[in-house]
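A short write-up of the structure that comes next.
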Amino acid sequence: MQVNGRHYRTVWQEPDDAEGLWIIDQRALPFAFRTERLTTVDSCARAIKDMHVRGAGCIGATAAWGMFLAAREGRIEEGARELTATRPTAVNLAWAVQRQLRTITDASNKVEAARRGAEIICNEDVAACRAIGQHGLELIRALAAAKKGPVNLLTHCNAGWLAFVDVGSATAPIYAAHDAGIAVHVWVDETRPRNQGARLTAWELAAHGVAHTLIADNAGGHLMQRGKVDMVITGADRVTGTGDVANKIGTYLKALAARDCGVPFYVAFPSSTLDSKTLDGFAIPIEERSADEVIWIEDAAGRVRVCAEGTPAANPAFDVTPARLITGLITESGVYTAKEGSFSFQDDAAEAALKSEY
Ligand code: MRU
């Protein structure tokens, strides 16, 4: 993604800095563009937990680099535990840590194996998101052919390039359609309480030149009833082997409205988000975050309280949308119906090759 004339990934190493790891501090967006250098596994775990980085693919990639820092500190097992404990719902994180453990454990040069492993995880993430974009593009192209005027898409939270290493999952088909000359317009859910839609998705879409309109979270159902939404695309933090999807809180309500209004509801995700061993969406651990995120809203100037002092608040960060409400799953290997056994992903050839290299 281009920012201020430079191409950025969300997590990277600078060529002249073999010891550090760089991230975009997403807490500052869209008011400021800030990067941060991490040099210890502790600081990496804190950056994930406190959401300097966020989004399933991005926290997975950052955790993969965290394992490189853990290897440098000679604290591989402890680092793995610390990173895994930061955020429980998005399975990409545990997946990346486990994959790095398999790569590092028997390697003679553990630090170099971890560095290369992290690079490969990042590159695979980008390639998967690009492929998701191409598969989803065909769905948008078909909608465009069937109507006059722009295709109206609705998305929730931020499953854009900031939520991955680059490109994004839910936004990848949108960017691909825009780049292919198809007129698209995106309804952007603000996504309370942290406002990832308002702060991140709207910023990303504007940077890419995609027409969009920010809406309050509660507006989606009304717009669907009035025929103003042609397709919903969201991302996912964990998808079960039966096609149930955990995603940012509020996704389930959008899926219900979409079903009632006959609007197709798609979920886009790479294979690193698939938890095929879990067969029931309600078995997915749901992260409960601080009530402060509900009680206070942040802007460039600071934070303001939105309720009376002392008001109790709860903050479940994700919900589960059952497979029966999902029209299709857009993955790097194609578009699938959301049901058990319908997924087929490539095997981990890159992981096997890497293990024999170090
Ligand atoms: O709490 P976050 O911001 O890390 O939440 C993750 C998300 O951004 C969404 O749930 C997203 O749709 C899936 S992540 C690709």
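Some notes on this structure:
- Cα lying deepest toward the dipole's positive end in the chain, options G209, A246, A172, charges on Cβ: G209
- Listed peptides 243-249, 135-141, 196-202 by packing density, highest first (mean Cβ within 10 Å): 243-249, 196-202, 135-141
- Think of the chain as a dipole: +1 on every Lys or Arg Cβ, -1 on every Asp or Glu Cβ, centred on the Cα centre; then among A118, L153, I48, L153 lies furthest on the positive end.
- Surface share of carbon and sulfur [accessible, 1.4 angstrom probe, percent] for the chain: 51
- Charge-dipole axis of the chain as Lys and Arg at +1 and Asp and Glu at -1 on Cβ define it, positive-most pick from Q13, G60, A163: A163
- Heavy atoms of V304: accessible area, 1.4 Å probe, square angstrom to 10: 80
- Cα gyration tensor shape for the chain, rounded if a/c is under 1.5, else prolate or oblate: prolate
- Dipole moment magnitude, nearest 20 debye, the stretch 2-123 about Cα centre, only Lys, Arg, Asp, Glu C-beta charged: 380
- Backbone HN-Hα couplings from phi across the stretch 142-157 [Karplus 6.51/-1.76/1.60, Hz, Gly and Pro as x]: 5, 5, 5, 5, 8, 9, 8, x, x, 7, 9, 10, 10, 10, 10, 6
- Using the 1.4 Å probe convention, the accessible area of the stretch 2-123 works out to 39 Å² per residue with neighbouring protein chains retained.
- In the chain, lysine pairs with alpha-carbon atoms under 14 angstrom apart (chain gap of 8 or more, or interchain): 5
- For the stretch 231-274, the solvent-accessible area with a 1.4 angstrom probe is 24 square angstrom per residue.
- Between the amide H of A338 and those of L329, distances stay under 5 Å, these residues lying 5 or more places away or on another chain, with hydrogens modeled in the peptide plane.
- The chain, relative contact order in percent, only Cα pairs under 8 angstrom and at least six apart counted: 16
- Springs join every pair of Cα atoms under 10 Å in this Gaussian network model of the chain, and among R72, R305, R34 the largest mean-square fluctuation is at R305.
- Taking a ≥ b ≥ c as the square roots of the eigenvalues of the Cα gyration tensor, the stretch 147-300 is classed as rounded, since a/c falls below 1.5.
- Exposure rank, largest accessible area first [K277, K228, K254, K147; 1.4 Å]: K277, K228, K147, K254
- Under a model in which nothing but the beta-carbon of Lys, Arg (+1) and Asp, Glu (-1) is charged, the chain shows a dipole of about 840 debye around its Cα centre.
- This model, with +1 at the C-beta of Lys and Arg and -1 at the C-beta of Asp and Glu, gives the stretch 221-289 a dipole about its Cα centre of some 260 debye.
The values are calculated or read from the model by the stated rules, or taken from the named source; none is laboratory data. Please read all numbers here as calculations on a predicted model, not as lab measurements. We place every Cβ from the backbone using ideal geometry, glycine too, and count neighbours over all the protein chains shown. Heavy atoms of the whole protein, side chains included, go into the accessibility calculation; ligands, DNA and RNA do not. Shrake-Rupley method; radii C 1.70, N 1.55, O 1.52, S 1.80 Å.
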